[in-house]
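Visitor: The structure under discussion is supplied below as structure tokens; questions concerning it will follow.
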Amino acid sequence: MIQFKNVSKKYDNGTHALKDINLTIEKGEFVFVVGSSGAGKSTFLKLMMREEVPSSGTIVVDDIDLTKIKKRDIPKFRRRLGIVFQDFRLIPNMTVFDNVAFAMRVIGTKEKKIGRRVPYVLSLMGLNEKARNFPQELSGGEQQRVALARALANNADIIIADEPTGNVDPQMSYEIVDLLMRLNEAGTTVIMVTHEHSLVRCFDKRVIILDKGNVVSDGGSLVREAATSHINPVSEIEHRYDVPPEEDYSAYTQGTSAQAEEFAVTGGAE
Amino acid sequence: MGNLRYLTKEGFRNLKVNKLMSVASVTVLFSCLMLIGIAFMILVNIQSFISGIEAENVIMVYADLDASDYEYMALGNELNALDNITSVEAVEKEAAYEEILAEMDENLRIYLSGLDENPLPDAYRVTVTDMSRFENVVNEIKKLDGIERVYENSSLAKQLEGIRDSVTYISLGIIILLLIVSLFIISNTIKVTMFSRRLEISIMKSVGATNSFIRWPFMVEGIIIGVIAGILATGAVWAVYEFALTSFTSVLTGLGSGVQVSFLDYALYLVAAFVGIGIFTGIFGSATSIRKYLKERKFVELED
């Protein structure tokens, strides 16, 4: 559970990025955070990753108070998060496999475990064939899926996606959100920041709208909102986004993350 | 253990990725260390040269030419009775004469050996214990009877000591200055490496790598630069020193110094010191820049 209580953030330069935010994101929830540039989305994410501390108020993530957490405990806390960036942040001179493995190596995971886990998360993202490729040989959508695989590598229970569809074409955008949905179905909390209202409308999920540092709307799905405004967004979206073919995510979606880990250990052989 | 191997490998990779920068910093650090080494060897040589002169800094006490054997012996006893004396060695005129003849040019020797009389007086070679009270001893000796002449070169020793002190201070100053320069060079290289690897660092931070894990490869990089520069610098100092020795040997022996310092006596110290300096600058040079970097740099560089 993620809880923001009376959270305000004012930067040294005087910018009042967030004003008295109160919200709770339950474990296993899927939340879109929407807002235009300057609305406070990035600050919201930074606070959640403990990259910044609030000027006032408290933030609690799974019983960890981020305003009181010790500095040396921050890396450990971050291992519970899987972060996906708009610009993918893949290392160009590493293969897809190594990019995913990198996230595990830098927290000291044994090579043996990496050798089992990486192919598994790559298979979840449908990237097994691309393991030996370099990022620049992949499309934007594929690169973002590698980034997602990396976010999953350490078994994160919260995925934070910052504009994950910002640099990919509309069809891929849909696919990526769909992947996030599937991870969410498997029990992972997903928080996705975006400014693409049209994309959000495709999915019937909780939407938090930020504007000038305030939460101006929380909870209502944009699908329903749009329906009341005499537009049929779903057909519009279906026209824009071809629904991707089904892939087999059963190993991940049918079980908890612990089971997924078990799957990883056995190498998915059974 | 596996981690350590991985991190060390990463350090080597850093070096390879920034080849040009690595070569540049090894070169500059190497130059610094070489200058430190040369300053050090000059210092050691001057020290040894002066100690050589100091060790020779005995007082020659010449007895009156017409002194009897008894008077000569009495003078010896009086010298022995003085304070702050390590030894009093009798130099009888016959022996001294032989010695001089032996050192002489052959023609001159033939000429001198024709002399009937030994022109030298009997003498004593007095060695002083505490150099700071050297002049007191000289004055005491001068007060004794039956002395023809007292010969000593304390003033030369004093002058040399003054030189030694300034040389020591200057060398130390140079060494410290170069050390600081070395630190800057290493930390600069590490800064460049970190900048070129900022993407990786931001990913490392975002997936929860500890700061020490992030730091280690950069430290390894600094240490490798230091060690390579250190070993090269030792070799270079050796070469320069040997070259200088062969070039200046004649000058040095002319100065009466048979106290040439062998490089090999100091090679081990130099290697140890250089590698030590390399490791030290590697660790501190990188630590300071990394700390600053990790503190200032956020991994989510997003615009709101």
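Visitor: Of the residues A:Phe44, A:Phe77, which single one is at the interface with chain B (Cβ under 9 Å from one of its Cβ atoms), in contact (Cβ under 8 Å) with a residue 12 or more places away in the chain and of a type in the set (Phe, Trp, Tyr)?
Guide: After applying the criteria, what remains is A:Phe77.
Visitor: Also, quick follow-up: Looking at (1) farther than 24 Å from A:Gly108 by Cα; (2) at pLDDT 90 or above, which one does A:Gly38 not meet, given that it meets all the others?
Guide: (2)
Visitor: For residues in the range A:5-41 being hydroxyl-bearing (Ser, Thr, Tyr) and away from chain B (no Cβ under 13 Å), which is surrounded by the fewest Cβ atoms within 10 Å (Cβ to Cβ)?
Guide: Result: A:Thr24.
Visitor: Additional query: Test B:Ser25 against the stated conditions and say whether it is closer than 18 Å to B:Phe274 by Cβ, crowded, with 21+ Cβ neighbours inside 10 Å and more than 14 Å from every other protein chain (Cβ to nearest Cβ).
Guide: Against the criterion (closer than 18 Å to B:Phe274 by Cβ, crowded, with 21+ Cβ neighbours inside 10 Å and more than 14 Å from every other protein chain (Cβ to nearest Cβ)), B:Ser25 qualifies.
Visitor: On to the next question. Do we find that B:Phe218 is touching a helix residue (DSSP H, G or I) at 6+ places or on another chain (Cβ under 6 Å), in a helix (DSSP H, G or I), closer than 15 Å to B:Leu33 by Cα and modelled with pLDDT under 85 in this structure?
Guide: No: the conditions fail for B:Phe218.
Condition check ((1) surrounded by 14 or more Cβ atoms within 10 Å (Cβ to Cβ); (2) among the aliphatic types (A, V, I, L, M); (3) assigned to a helix (DSSP H, G or I); (4) modelled with pLDDT under 85) across all residues:
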| residue | (1), (2), (3), (4) |
| --- | --- |
| B:Leu20 | no, yes, yes, yes |
| B:Phe30 | yes, no, yes, no |
| B:Ile46 | yes, yes, yes, yes |
| B:Leu65 | no, yes, no, yes |
| B:Glu78 | yes, no, yes, no |
| B:Ala95 | no, yes, yes, yes |
| B:Tyr111 | no, no, yes, yes |
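Visitor: Also: Tell me whether the range A:54-67 contains one or more residues that are part of a loop (DSSP other than H, G, I, E, B), of a type in the set (Val, Ile, Thr) and closer than 17 Å to A:Phe4 by Cα.
Guide: yes
Visitor: Please determine whether any residue of the range A:91-100 is within 13 Å of chain B (Cβ to nearest Cβ) and closer than 26 Å to A:Gly28 by Cβ.
Guide: The answer is yes; a qualifying residue exists.
Visitor: Follow-up question, since we're still on this one. With respect to B:Glu117, is the statement that it is farther than 30 Å from B:Glu161 by Cα, of a type outside the set (Ser, Thr, Tyr), part of a helix (DSSP H, G or I) and assigned by TED's automatic domain parsing to the domain that holds B:Val138 true?
Guide: It is false that B:Glu117 is farther than 30 Å from B:Glu161 by Cα, of a type outside the set (Ser, Thr, Tyr), part of a helix (DSSP H, G or I) and assigned by TED's automatic domain parsing to the domain that holds B:Val138.
Visitor: Filter the range A:147-178 down to residues that are among the aliphatic types (A, V, I, L, M), without any contact (Cβ under 8 Å) to a residue 60 or more places away in the chain and within 21 Å of A:Arg201 (Cα to Cα), then give me how many there are.
Guide: So the answer is 4.
Visitor: Let me ask something additional. Just to be sure I understand, how many residues within the range A:179-198 are among the acidic types (Asp, Glu) and closer than 17 Å to A:Gly141 by Cβ?
Guide: Residues flagged as among the acidic types (Asp, Glu) and closer than 17 Å to A:Gly141 by Cβ within the range A:179-198 amount to 1.
Visitor: Something else now. Could you list, ordered by first residue, the pairs with Cβ atoms under 9 Å in which the first is in the range B:183-203 and basic (Lys, Arg) and the second is in a helix (DSSP H, G or I) and modelled with pLDDT of 80 or more, at least 6 apart or interchain?
Guide: Going by the 9 Å Cβ cut-off, the qualifying pairs are B:Arg197/B:Pro217; B:Arg197/B:Phe218.
Visitor: Out of the range B:164-215, which residues are more than 41 Å from the chain's Cα centre (by Cα) and more than 21 Å from A:Asn93 (Cα to Cα)?
Guide: B:Gly208, B:Thr210
Visitor: Within the range B:70-128, track down each residue that is farther than 30 Å from B:Glu140 by Cα and of a type in the set (Ser, Thr, Tyr).
Guide: B:Tyr111, B:Ser113
Visitor: Let me ask something else. Please tell me if A:Lys205 is surrounded by fewer than 17 Cβ atoms within 10 Å (Cβ to Cβ) and under 30 Å from A:Ile64 (Cβ atoms).
Guide: No.
Visitor: Out of B:Ser206, B:Ser171, B:Ser187, B:Ser182, I need the residue that is buried (at least 16 other Cβ atoms within 10 Å of the Cβ) and touching a Lys or Arg at 6+ places or on another chain (Cβ under 8 Å). Which one? It would help to see each step written out before you state the result.
Guide: Numbers: B:Ser171 fails: touching a Lys or Arg at 6+ places or on another chain (Cβ under 8 Å); B:Ser187 fails: touching a Lys or Arg at 6+ places or on another chain (Cβ under 8 Å); B:Ser182 fails: touching a Lys or Arg at 6+ places or on another chain (Cβ under 8 Å).
Every option except B:Ser206 fails the conditions.
Visitor: So, in the range A:47-74, of the ones that are farther than 14 Å from B:Gly208 by Cα and either of a type in the set (S, T, N, Q) or at the interface with chain B (Cβ under 10 Å from one of its Cβ atoms) (or both), which residue ends up surrounded by the most Cβ atoms within 10 Å (Cβ to Cβ)?
Guide: Once the filter is applied, the top-ranked residue is A:Glu52.
Visitor: Go through the range B:21-73 and count every residue that is closer than 30 Å to B:Ile180 by Cβ and more than 31 Å from the chain's Cα centre (by Cα).
Guide: Count: 1.
Here's the yes/no breakdown for (1) within 14 Å of chain A (Cβ to nearest Cβ); (2) in contact with a Gly (Cβ under 8 Å, 6 or more places away or on another chain):
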| position | (1), (2) |
| --- | --- |
| B:Asn136 | no, no |
| B:Asn139 | no, no |
| B:Leu144 | no, no |
| B:Ile170 | no, no |
| B:Ile180 | no, no |
| B:Ile185 | no, yes |
| B:Gly208 | yes, no |
| B:Gly222 | no, yes |
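Visitor: I need every pair where a residue in the range A:123-146 that is on the phi > 0 side of the Ramachandran plot has its Cβ under 8 Å from the Cβ of a residue that is modelled with pLDDT under 95 and surrounded by fewer than 20 Cβ atoms within 10 Å (Cβ to Cβ), sequence separation at least 6 or different chains.
Guide: From residues that are on the phi > 0 side of the Ramachandran plot, the pairs are A:Gly126/A:Glu247.
Visitor: Taking the condition of being among the aliphatic types (A, V, I, L, M), touching a strand residue (DSSP E or B) at 6+ places or on another chain (Cβ under 8 Å), assigned to a helix (DSSP H, G or I) and over 19 Å from A:Gly82 (Cβ atoms), how many residues in the range A:166-217 meet it?
Guide: Qualifying residue count for the region: 1.
Visitor: So B:Ser68 ticks every box in (1) among the polar types (S, T, N, Q); (2) on the phi < 0 side of the Ramachandran plot; (3) touching a residue at least 12 places away in the same chain (Cβ under 8 Å) but one. Which box is left unticked?
Guide: (3)
Visitor: Further question: Any residue in the range A:218-227 that is modelled with pLDDT of 90 or more and either within 13 Å of the chain's Cα centre (by Cα) or in a strand (DSSP E or B) (or both)?
Guide: There is no residue in the range A:218-227 that is modelled with pLDDT of 90 or more and either within 13 Å of the chain's Cα centre (by Cα) or in a strand (DSSP E or B) (or both).
The values are calculated or read from the model by the stated rules, or taken from the named source; none is laboratory data. None of the values given here were measured: they were computed from a predicted structure. Positions of Cβ are generated from backbone atoms using ideal geometry, with glycine treated the same way; all protein chains shown enter the neighbour counts.
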